[in-house]
1. Tell me, what % of the accessible area of the chain is carbon and sulfur with a 1.4 angstrom probe?
2. How would M1, M32 rank on accessible area, largest to smallest, probe 1.4 Å?
3. Would you mind getting the accessible area per residue of the chain, heavy atoms of the protein chains only, 1.4 Å probe, in Å²?
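The values are calculated or read from the model by the stated rules, or taken from the named source; none is laboratory data. Here the structure is a predicted model, which means the values were calculated and not measured. Calculation scope for accessible area: heavy atoms of the full protein, side chains included, ligands and nucleic acids excluded. Shrake-Rupley method; radii C 1.70, N 1.55, O 1.52, S 1.80 Å.
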Amino acid sequence: MTPAWRTFRFFTYSSIVINLSGTTLALVIIKMCSELPYKAHCMVIFDPSSLPARLTKDAIPRDLLLSRYELLEKFGMPRGYKTLDTGASFWVLSGNIFTFVSVLMWVWLAGDTIISSVTTVAIVLPIFGVFYAIFLTKH
């Protein structure tokens, strides 16, 4: 087996594991976000000094509006959410990179030059779309 095929196998196997990790982490984040309304409702009932309880009477303070993670924590999101959110972004982005690299390597190792060139253009253009979408969700 040539070094190119070994490298291809590395990227292929790594992309599978990284994408599984990213998907699992994304599901954990979805679960955390889906529990947030329930937690905020419980805080209104059981903790009258909490922000959700106070908001039944007052507006959200401006400094909290500018810090989404702090605002989420005040409404009951666990403190580790910011770390999970950052980690999910990293793993999803890494999984995409490894997947794109392994597909490109396979195309170049298994195909002829003309087909490989056309396929490379067809693969690289969506990569920019994926990175742009991820960048938009972080701002």
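1. After summing per-atom areas, the C and S share lands at 72 percent.
2. M1, M32
3. I get 67 Å² per residue for this part.
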